[in-house]
Structure formats: C-alpha cells, structure tokens
Amino acid sequence: MTSIDNSETSSVSSVLELEDISCPICLKNFANLQSLNDHLDTDHGFDDSPRSESDSVTTITSITSPKIHLSPHRNVRSSHSRSNSADVNNKKQDKTKKLEIKKSHWEKFVKGKTCNYCRRRLSPSTGLINCNKCGKLFCRRHCTNIIKLNLEAQFDPKGKHSRWYNCCYDCFISRPGYNEFGESIDLTVTFTKLRNKKSEDFQLIKLQLENRLVGLLDGLLALFKRYRVNGNVITLIKFNIERNALEQRITPWKSDNGVNNCHICTRQFNILIRKHHCRLCGNIICDSIDTGCSNAVPIITLRKNASDLPFHEDVKPLMSSEIDVDVNIRLCSNCLKAIYIPRKFEEDMAMSTSPIMIRYHSLQNVSRVITYLLPLFQDLLQNEEVEKNNDTVPNATNLQELTRIRERLLKSFGTYNVITRQLMLLTPENESEKRIQNSIQIMSSRFINGKILPLKTLGSALSPSSSSATSGRSSPLSTPTGKSDGTTTTIEVTRLSDMMNGLTIKQVKQYREELMVLKEQSYLIHSMITESKKQRKFDEIKTLTRNLDELTKRSQEVEQLLGDQGFK
Amino acid sequence: MNNPVTSIKLVLLGEAAVGKSSIVLRFVSNDFAENKEPTIGAAFLTQRVNIDDHTVKFEIWDTAGQERFASLAPMYYRNAQAALVVYDVTKPQSFIKARHWVKELHEQASKDIVIALIGNKVDILDDDPNERKVAKEEAEKLAQEENLLFFETSAKTALNINEVFLKIGENIPLKNANDGNGDGINVTDNQRVNLAASADATANASACSC
C-alpha cells in the first residue's frame, strides 16, 4: 500500500469516528466497517475459517480503503460543531498533501457586499466566508453546512481526494441524494461483498455437500435402476451391498470408535439411542424423533426440492412407471438445513404475491390519496362559503382548484370501488386468504362510509351555492356546470353505493331511522293492546291491531329495502 | 244506546311542543299537566261525544312532533277523516310548520279529510298580549284559502277545546251521508253482526235431510 492510501484510510477513520457503527448483535460501537467486520468474526464466531490473521486484514483493507463512508444524518443546525473538526482535518490534510480545492471561482470581497443568504452587509465582524462549492460570499452564520467536495469543488462523496468542506445552505440542499430527513448512502452491496468473502468457507462446505448429494442421488438411482426395477431377493442383497459401498465412497464416514454422544444433540448413545451416519457429512448422530437430529428422507423428495443441482441420472422413467422408489437416505439436520433452507427461502421469495395482496396495496394507495385530498377540499369549500357570505367575488383560481380536487376525489373513489370489487371477485386460495378478503371488505366499506358522507354533504352544500350564484358569474361552479357537476356526484355516489343494496348512505340512514321508529311504535302499540285487553276495550283493540299490522307491514318493507344493511 | 255510533279517525299534527297532547288530554280527561314529557311515536286515545241524536266516537292518534318521528305520520293521516294541525301562537316557526302539514295533508291524505287549524296557547296572551307572534288574521286567511276550520284554543284554560271536536263531529256525518261507508270504518249499531242470527242461519243451512 502506498503512503497516500494509508493517510486516506486514517482520514477516513477520523471522519467515521463521528458516526456510530454498531454491532447488530451486541450494539458495541466501532470506528469503521472493517473493525465491525473483524469484531463479528472474532467475537460472534461468524468466522469459521482458520485463515491467517494478516492475510484476512490485507484483503479486507484493500476492499475497504477509502471507498467506505457511512454518511451522517446531518442536521443543518447541529453541523456547526462538526464542520469545525472537519475543517481542522482538512487543513491538516491540505498542508501535508498540497492538494488544494479549486478557489478560482470564489467571489471576491468588495466593500458593501452582502451575505447571499440573509442580505446582511458583510464585514470582518459578521464573517466573510466563501461557499466552497458555489464560491459565493456568506456571513458566518450562513455558511455552516458541510459537504464532501473533490478538488474541482464538485460534490463527490466517493472521490479519491474528496474532503468535507463548508458550504452554503443552497449547495447543501441541492446536492444529489439530499432529502429532508438526512442523507443515507446504501452500503449494503459493499458489506455483502465483505461478508461473502468471509463466508466463503461456509459456501465451500455447502458446495461440497451439494456435490456429495448429487453423486449420492445419481448413484443410488442408477443402482436402483439396475437392481430394483425387476427386483428379487438376490438382486436386493446386491443392491444393498453396492449401496453401502457407494455411500461410504462418496462420504467418508466418521469412525464409531470413541464417539459416545450425538454430534448435534450431544445425548449419549445407548441401546435405545442408536448411532447413525449422516450420508452427506459422515457425522454420527442419533435418530431421535424429539430432537430431529437426523431423518431418513426419500431420495425422490431430495431431488425434487433441489432441482437446480446438476443431476445426471434421469428420474422421469421411474416417476412415470408404477415402481415406487422407496429408497431413503439418512441426513443430519445440519446438512438438510445447509442445503434446503436457502432453497426454500429463495423459493418463498420468488413466489408471486397473492393477487389479493396486490390489490390491497393499490387500495391503500388510493385511500392515502383520498385521506390527503378530503381535508384540503373541505377547507377550500369552507373558504368559498365564507367568501360567498361576505358577498365578495369568488376567486376564479380557487374555484378551479376546488373543482379539480373534487374531480380527483371522485375519480379516486371510483378507483377505490373498482379495486374493491375486483378484490371481492377473486377466489381465495385458502382459509386465511378468505379471512383477509373479508376483513378488507369490511375495512373498505367502513372507509367509504366514513369518507363519502362528507363528500355527499359537500355536494349538497355546493348546489345551493350554485343556484344562488349570480348569473354573471363565470366560475366553473356556477349554475350550468355546477348542476352537471352535482349530477356526476350523485351518479358516482350511487354507483359506489351499489355495494349497499342499491341504496345511498343517506337512504340507508333514513331507512334505519324509520325502521327504528317503526319498531318503537310497534312496541308501544303492543303495550297499548295489552292495556286495552285488561280494560276490556275491545273496539280499541281492533283499531290498534289494525295499526299494528300496518306497522309490521311497513317494517318488513323497510327491512327488505335495507337488505344486508339492516339491523342484525 | 240505540243512537248510531260513528267512529271518526282523527290525527293531530304539528311541530314539537305546541300542545297537541295537552289538547287531547283536555278533551279526553278534561285535565291539564304542566311540563308534559314529549310524546314518543303516536299515542292512541278514544272519546265518545253525543252530538244531537247520535254518538261520535273519536279515535285520536296523537303523533309526536319531533322530526325523527316524521316518518310515522303518513301512516296515521292516510285514512284519517279528520286532522288537527296545531301551532303555537307564540312561535312563528310552528305556524310555518303548520302550513307544511296542511300542504302535505292536501297532497297525501284522503280527499274529504276535515282539517282544523288550531292556534294553541292563547292563555299566554292574557298575561302579555305582546307575546303573540302569529296574527289571528294571518291564520284565518290561511284557513279560508285552504278550506280549513280555524280555532284559537288553550288547553290550559280549556278555551275552545270541546268546540273544535264538536265542530269536526258536525262536519263529518254530513260527508259520510254523501259518500256512504266507503272505508268500512264507520260501524253503526245496525250494521253490527248479529251473532245469534248467524248461528241460527248456519244451523239451518247445515241441517241434514236424514
């Protein structure tokens, strides 16, 4: 490594000291990614390779060196103190390296110049600072942000000669990747690369296991084809002998001698807990069902679940014929995990999301739009009403805005409805999907109930405003267009309410109210009838009964109208 | 008891708290209660009155004035022969509501319904005439235009209460004579089923020849 590189690294680590890189396991803080990596390997046992220490350090350093920077969550205000320390660094650096940032574009100070941010007259007491990026002059208070610049004074967070420099607020926020919540640079790729380097050994072991698996399965299938397809006792014995030989050839079995405990669960072997060899790693394990240390797995299953491996033996003729390939091999849980868990994971990840969930996500997006727009719309409408009451001429742009928002709202409601319907038309694949579907339906009807009611009342609030509007008013909400707008609202609303038995929400409310009153009255009449019976006023009973019949008839009618929306 | 009995189905309509139930209470029980509870739904009361030589039985449906019971009203005025539309002479809003009721009755109720417009609570005016907010002339004008009976009453002092019902009783039988017993609601003693007679008739009809 060159001396420049070394000093680079030191400067990098001095910058990184400002950040906190903490171990995801023990939360200990580290100066940089490299030390975190080392810590993970030594303290948490991620490193299972007996590699030489110096070797690993050099490889890592060459990768890490000046490229890795965790970018800070820089707050505009709190950056002042930091900028000082960064400045110190820069000065030191500049002295030793003689690498100067471009200064030719700096604005020259002339008497009477003002700060480009606060327009204060600049003087030595206010501070005279050039933004290192744009070169403009600022007072001390308005050039406090720091930004990483290369020698050409361009923003370059990964440049070889990039340093932290003071800059103005405009340059700070206009740099690429800036957002209000601080900046983040994704270092996942770099880190993954590092981790892969470290987990190479594990990958190698996995590869070895996979190769053994391929050999074992291919060999077994070949044997099976040779002996078992037209099997009799002699060929069966031959098969077993050759199978044993094959298994031990591919995987060297550990010697039984001196092994008294299961390799995985460490229980002692005895008459009940027998010794078994894993056919892939050769370790001695038990076959306890409780611990699941090892299992005899059908080879067909093994092949099916690792179909990406380069098997040679063709399994199809066996599958298509009626012959049952009843050959199992014993694998320990470690080997099974190493080979099959990542595959299962990949498979799960690759699985397409359920169409219900896809629709649900779009539903959420639409609902977000609606919840955002509705208060805006209400505010605008209120302003409009106030203006109308004050008899001032309504602002045309306001009205346009109002119509625009309302159109968007209606459109959003329409989309929401369409998505909900599509969602309900999907046939759920299993019980949980069905449950999800039901909950979504309940949620969405509740959402529409809650949101469209204000919109409807607003719609009615709009119509009197349009009818009372002076005829000369050429606003998009004035009488002619206003009316057509109103009808589209009702159409939309009615269309939406198709979900509710063809009733609008207002109607449902009315009918429910009526039904309640009817029930109440029926109850009253009932008690009146009993009272009249006690007093033997039979002619009254006749009238009352007739009325009760009428009430019951009407309640039934209303209940029918309400359908699912009635009281349960 | 041989007097013919005419049933009159009568309904009271009007804004809340104008004194509908109080009018009925005064008419049925000749009683008055301060601070009555608001009516729920529709109350049913009957009262027999002798007019000239026949008896009129009023079947009174006293509806609740509160808006939420508005949906019940059509059920009760639909085949009523008489309606009292009540307003409070001290509350102009109640008179507006009364106008609405009259309009609705003309549109929805049976054609020959007898409507009486009642301005209630005139007793308040005895203490302070300035309390009057609905001019008598205005109400009279409405009554004339719409062909209504008109009274100003006080349930508290019983002023004009019985007169209202008597007047209605007088108006109805005349109409019934013209229209006949179309609804089958009016049952006179003559029309009552003679159980003894029918029993005889069935006995004869089922008489067997053997």
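Carbon and sulfur: what percent of the stretch A:502-568's accessible surface (1.4 Å probe)? Carbon and sulfur atoms account for 53 percent of the accessible area of the stretch A:502-568. Each label was represented as a point 7 Å from its Cα along the Cα-to-Cβ direction; for residue A:427 and residue B:170 these points are 7.9 nm apart.
For the peptide B:66-72, the mean number of other protein chain Cβ atoms found within 10 angstrom of a residue's Cβ is 5.
Here the extension length gained between residue A:44 and residue A:546 equals 172.1 nm, from 0.36 nm per residue of separation less the Cα-Cα distance. Note on residue A:158/residue A:510: beta-carbon distance plugged into 1/(1 + (r/R0)^6) with R0 of 56 Å gives a FRET efficiency of 0.25. In this label model, residue B:146 and residue A:418 are separated by 5.1 nm, measuring between points 7 Å along each Cα→Cβ vector. Work out, step by step, the length gained on full extension between residue A:121 and residue A:361: first 0.36 nm times the residue separation, then minus their alpha carbon distance; give nm to one decimal. So the extension gain works out to 81.0 nm. The three principal axes of the C-alpha atoms in the stretch B:1-111 carry coordinate ranges of 46, 35, 23 Å, sorted with the longest axis first. Relative to the current alpha-carbon distance between residue A:199 and residue A:103, full extension at 0.36 nm per residue lengthens the span by 29.9 nm. Remark: accessible area buried at the A-B interface is about 1500 Å², both chains counted, probe radius 1.4 Å.
Using only the alpha carbon atoms of the stretch A:103-184, find the Kirkwood hydrodynamic radius as the inverse mean reciprocal pair distance, in angstroms to one decimal.
Result for the stretch A:103-184 stands at 13.2 Å.
Geometric descriptor of the stretch A:162-303, per residue, is 243 Å³ (volume of the convex hull of the Cα atoms). Note that the stretch A:103-184 presents 55 Å² accessible area per residue, ligands and nucleic acids not counted, probe 1.4 Å.
Here the stretch B:9-23 is scanned for amide nitrogen atoms under 19 Å from the site 7 Å beyond the Cα of residue B:103 along Cα-to-Cβ, giving B:13-16. Take every Cα pair under 8 Å whose residues are at least 6 apart in sequence, average their separation, divide by the length of the stretch A:205-350, and the relative contact order is 25 percent.
Only lysine pairs 8 or more places apart, or on different chains, with alpha-carbon atoms under 25 angstrom apart are counted in the stretch A:103-184, and they number 21. Of the peptides A:133-140, A:379-386, the order by per-residue mean of other Cβ atoms within 10 Å, starting with the highest, comes out as A:133-140, A:379-386. Kirkwood-type hydrodynamic radius, the stretch B:49-100: 13.2 Å, calculated from all non-identical alpha-carbon pairs. When you restrict to C-alpha pairs under 8 Å that are six or more residues apart and normalise by the size of the stretch A:103-184, the relative contact order lands at 23 percent. Calculated FRET efficiency, residue A:275 to residue A:191, Cβ-Cβ distance, R0 = 41 Å: about 0.45 to the nearest 0.05. For residue B:133, the lysines whose Cα comes closer than 21 Å to its Cα, not counting residues fewer than 8 places off in the same chain, are B:20, B:91, B:97, B:121, B:141, B:156.
The residues of the stretch B:19-46 occluded by other protein chains by 50 Å² or more of accessible area, set against the chain on its own, are B:44; surface from heavy atoms, 1.4 Å probe. The distance between label points at residue A:265 and residue B:28 comes to 8.5 nm (points 7 Å beyond Cα on the Cα→Cβ vector).
The values are calculated or read from the model by the stated rules, or taken from the named source; none is laboratory data. Being a predicted model, the structure only gives us computed values, none of them experimental. So basically every Cβ, Gly included, is an ideal-geometry build from the backbone, and we count neighbours across all protein chains shown. Ligands, DNA and RNA are excluded from the accessible area calculation, which covers all protein heavy atoms including side chains. Shrake-Rupley method; radii C 1.70, N 1.55, O 1.52, S 1.80 Å.
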